[in-house]
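Read the structure below first, then the notes.
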Amino acid sequence: MARPPRLLRTEQPLHRPLTWGDVLALLLVAVLLYVGVRLAFGAPVVVEGPTISLKPTALPWYAVLSVGRMLAAYALSMLFTLTYGRWAAYSRRAESVLIPLLDVLQSVPILSFLPVVLLSLSAILPEKMAAELASVVLIFTSQVWNLTFAWYQSLKTIPQELREAGTIFRFNGWLRFKALELPFAAISLIWNSMMSWAGGWFFLMAAEIFTVGQRDFRLPGLGAYLQEAANQGNVGSILWGVGTLVLVVVALDQLVWRPLLAWSDRFKLEMVEGEEPPASWFHDAVRQSRLADWFARAVLHPISERLDGYLVRRFPARDALAQDGRKASWPGRVLVVLAGAALLYGAYRAALLLFAVPPAQWLHILEGVGATLLRVGVALTVALAWTIPVGVAIGTNRRIAAWLQPIVQIAASVPATALFPVLLLALIGVSGGLEVAAVLLMLMGTQWYLLFNIIAGASAIPQDLRYTTTLLGLGRWERWRTLILPALFPYIITGAITASGGAWNASIVAEHVEFAGRTLKTIGIGALIAESTGTGDYPLLLAATLSMVFAVVLINRLVWRRFYRLAEERYRME
């Protein structure tokens, strides 16, 4: 059976206590939202959407557009990751602010930012450009946090002997990055890139189908194609769209990610070869290709050598860690003071806007948070009910895993938001159809995080402990109570933290929908955010978005963090 993805154990620093950096980070999020809402005051009242063709011949172009948005966001994510993570890893002063900020930002339900980002950008840019840029920003914010954590943690855990070797060889910053840091972090970055792309599909589809009131922010792409097909009840086009989406995801897996995993296996720091090294038919084909070999020798290697030579001459070697000991210059201190003053002024203006929200609307917000929280709870409960037994079966039984795991991987690759219009088409005529569809969307957006974590946990149970339970003659229930559930607990908590974040995100598109010329909505904080976007009620938009952000951060800190600590202290398998 294939080894479970390491990306599901990224060891994000959830155990870190609350610090002043967290308060600063929350303040910054509030000010950023306020700036976005202020810009939104100038947003156009009516936004014309694109015409979506349902001809199958249009699908290749739509697929190119969707993948292009993902690629642009991923390139931006990697640029941010390499810069931000390195800064945090090598500067203690910066680390004290950057890591708490990152921790808060990764807890924020990203889709709650979509209306604010769309409205603010459409106020200052042409509408089509604003929608394209907003989709890239949205996907970027879904891809970047785990990548940055992975890069930061890799830099912090480079063995001392490798650092000393870099110093002895007089590596400058470029050679240290190329020959030491990037190879050491390669495997973790690739696994996390795969997770980022999987998550990015969810948000891409949401960005491509977002419509509220008279503002049609849809973008030509696979998501908009599926939504238009569902609007028209065209089952044939729905099948064409889903098939194309699955084909694109599988092609990227076979032609990009698996070859990269097979290539990166050379960077493992192991004394013996692994039992099941990752394999890729495409990687093998490229390695055996004479044309690829010629291209590498005649083009890539000379360019690389010239670039190395230029950068070594331009930036001679120096102690990279010494920069942390330097004191801040006075321009730097002035900049920090100005930034602090701007932050406080922004917080003051945001507070004034929030005071404009009447008490009745605050009660609606409270009611909406409660309703959405209830749906998140139902979706998590249903997901746990089926993922625990199925995940344990896949993780402990090779025969079941051999035929069930590929099916699960393909099913998980289809973003839930792409299928939401299809769900609506099926449930729209049923009483409470939107309620059921909203919970189902949350379920589809959360269950895979839980399932893959549970598979990883079940696979990690030592075989000798399983034999021991058999020798002791434990019954099925006793075996689950004393071994399986305690062993799975840390993995369930890790999966549930990510899954609950996905469910809150899904509420933005699930609770307020424009479908087949009708507006469908239910009680929830996601519906309030979407509705205030459509009506231009910007104080309510800011209040509802901030309420969702604070609710999720509060739940993470008060509930999930305690479970996470319990898992680390009582149920970690040494």
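The values are calculated or read from the model by the stated rules, or taken from the named source; none is laboratory data. As the structure is a computational prediction, the values presented were derived from the model and not from experiment. FYI the Cβ positions are ideal-geometry reconstructions off the backbone, even for glycines, and counts take in every protein chain you see. What goes into the accessible areas is simple: the full protein's heavy atoms, side chains included, and nothing from ligands, DNA or RNA. Shrake-Rupley method; radii C 1.70, N 1.55, O 1.52, S 1.80 Å.
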I'm checking my understanding of the structure. Among residues of the range 421-435 that are open to solvent by 70 Å² or more (accessible area, probe 1.4 Å) and modelled with pLDDT of 75 or more, which one is farthest from residue 500 (Cα to Cα)?
426
Is it the case that the range 393-403 has a residue that's open to solvent by less than 70 Å² (accessible area, probe 1.4 Å), in contact with an Asp or Glu (Cβ under 8 Å, 6 or more places away or on another chain) and in a helix (DSSP H, G or I)?
no
Need pairs with beta-carbon distance below 8 Å; first residue over 19 Å from residue 200 (Cα atoms) and within the range 49-67, second of a type in the set (S, T, N, Q) and outside any helix (DSSP H, G or I); sequence gap 6+ or separate chains.
49/211; 54/232; 54/234
Within the range 526-535, how many residues turn out to be open to solvent by less than 20 Å² (accessible area, probe 1.4 Å) and among the polar types (S, T, N, Q)?
2
Hey, does the range 405-418 have a residue that's of a type in the set (S, T, N, Q), open to solvent by less than 30 Å² (accessible area, probe 1.4 Å) and in contact with a Ser or Thr (Cβ under 9 Å, 6 or more places away or on another chain)?
no
Can you give me the ranges of the helices (runs of 4 or more DSSP H) entirely in the range 84-190 with at least 1 residues that are within 30 Å of residue 62 (Cβ to Cβ)?
114-124, 127-156
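For every residue, the table says whether it meets (1) over 28 Å from the mean Cα position of the chain (by Cα); (2) among the polar types (S, T, N, Q).
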position	(1), (2)
422	no, no
438	no, no
441	no, no
445	no, no
451	no, no
469	yes, yes
474	yes, no
482	yes, yes
486	no, no
Can you tell me how many residues within the range 176-198 are within 21 Å of residue 245 (Cα to Cα) and at pLDDT 80 or above?
4
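Quick grid of which residues meet (1) at pLDDT 85 or above; (2) open to solvent by less than 30 Å² (accessible area, probe 1.4 Å):
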| residue | (1), (2) |
| --- | --- |
| 477 | yes, no |
| 480 | yes, no |
| 504 | no, yes |
| 513 | no, yes |
| 517 | no, no |
| 520 | no, yes |
| 554 | no, no |
| 565 | no, no |
Here are 167, 157: which of them is more than 14 Å from residue 85 (Cα to Cα) and of a type in the set (Ser, Thr, Tyr)?
167
One residue from 429, 457 being small (Gly, Ala, Ser), farther than 16 Å from residue 509 by Cβ and in contact (Cβ under 8 Å) with a residue 40 or more places away in the chain:
457
Within the range 536-552, track down each residue that is open to solvent by 40 Å² or more (accessible area, probe 1.4 Å) and part of a helix (DSSP H, G or I).
550
Per-region count, the range 54-79, residues open to solvent by less than 60 Å² (accessible area, probe 1.4 Å) and aromatic (Phe, Trp, Tyr):
2
Looking for something open to solvent by 30 Å² or more (accessible area, probe 1.4 Å) and at pLDDT below 80 - is there at least one such residue anywhere in the range 127-146?
yes
Every residue in the range 44-71 that is touching a Phe, Trp or Tyr at 6+ places or on another chain (Cβ under 9 Å) and under 28 Å from residue 542 (Cα atoms), please.
47, 49, 70
